[in-house]
Amino acid sequence: MISSPSSQFPEHMDRKATVLSICIAAVLMLAGCSGSSNTQAPPEAESSPVTPPPTVTDSGPSSPEAPSEPPPDAVTQLIQDALRSDGSVSYRELIDRLGTPRSVSVEPVANTYDPKVVDTLRTMAWAGVEALVYDVASEPRSFLIRFSVLSAQYQTPEGLRVGDSHSRVVDLIGKPTERNNGSNEWVYQESDATPTAMILFLKRGTIQRIDWEFYFS
């Protein structure tokens, strides 16, 4: 199991926790609104006791194949498709396109609108690539919350790689919309109806990690 982002970049834990909370809250709101339009609990259900969310277990990828490194072209194409679709990439699609992950950690998340419904947060890790996926239990929907590249083997659609200098970043995509000198983050934020953000983590003037964060409304 490869190291988690928080162990490599402890100074970013507060920001990542905040972003993750916002993303999950927005996803739950979207799922709750969708579910409320289709179903209505019977009157007697309101007085029934609330059962604590059951523990969610994950049997891992269904493919019996051994973990493999994702093809570089597949990673670049996945990033492009995720950006076009505002993160509408499922857990199964990630496996189909990138291969069997080295590890999958699972966290059960009680739905805000129905505590008896348990959604699933999955952290998937390949060699040099990580993905955070939110699965809604009440309907067949998955949301890619964050996608990360940690290896120079993979390239962004703009041509950036881990290890590139800050001057190359500016040459390729211009100056960031936000710059946090304290944590060495360069943020390129979209501002449309369903915004995304690309965050570059730099150390000594070179890229150490690239994240894409997807927001839902």
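The values are calculated or read from the model by the stated rules, or taken from the named source; none is laboratory data. Not measured: the values here are computed from a predicted model. Because the Cβ atoms are built from the backbone with ideal geometry, glycine has one as well, and the counts that use them run over all protein chains shown. Just the protein is used for accessible areas: all its heavy atoms, side chains included, with ligands, DNA and RNA removed. Shrake-Rupley method; radii C 1.70, N 1.55, O 1.52, S 1.80 Å.
The set of residues from segment 98-150 being in contact (Cβ under 8 Å) with a residue 60 or more places away in the chain and of a type in the set (D, E, K, R) comprises ARG102, ASP114, LYS116, ASP119, ARG122, GLU130, GLU139, ARG141, ARG146.
Taking segment 130-142 as the range and being part of a strand (DSSP E or B) and over 19 Å from VAL75 (Cβ atoms) as the test, the residues that pass are TYR134, ASP135, VAL136, ARG141.
Might you check whether a residue that is at pLDDT below 85 and either over 20 Å from GLU158 (Cα atoms) or open to solvent by less than 70 Å² (accessible area, probe 1.4 Å) (or both) occurs anywhere in segment 78-85? No, the conditions are met nowhere in segment 78-85. Every listed requirement among (1) under 21 Å from LEU83 (Cβ atoms); (2) of a type in the set (Gly, Ala, Ser); (3) open to solvent by 60 Å² or more (accessible area, probe 1.4 Å) is met by GLY182 save one, (1).
Of all the listed residues (GLU158, GLU130), the sole one being at pLDDT 95 or above and touching a helix residue (DSSP H, G or I) at 6+ places or on another chain (Cβ under 8 Å) is GLU130.
Criterion applied to ILE210, ILE173 was being farther than 20 Å from ARG122 by Cβ and touching an Asp or Glu at 6+ places or on another chain (Cβ under 6 Å), and the one residue passing it is ILE173.
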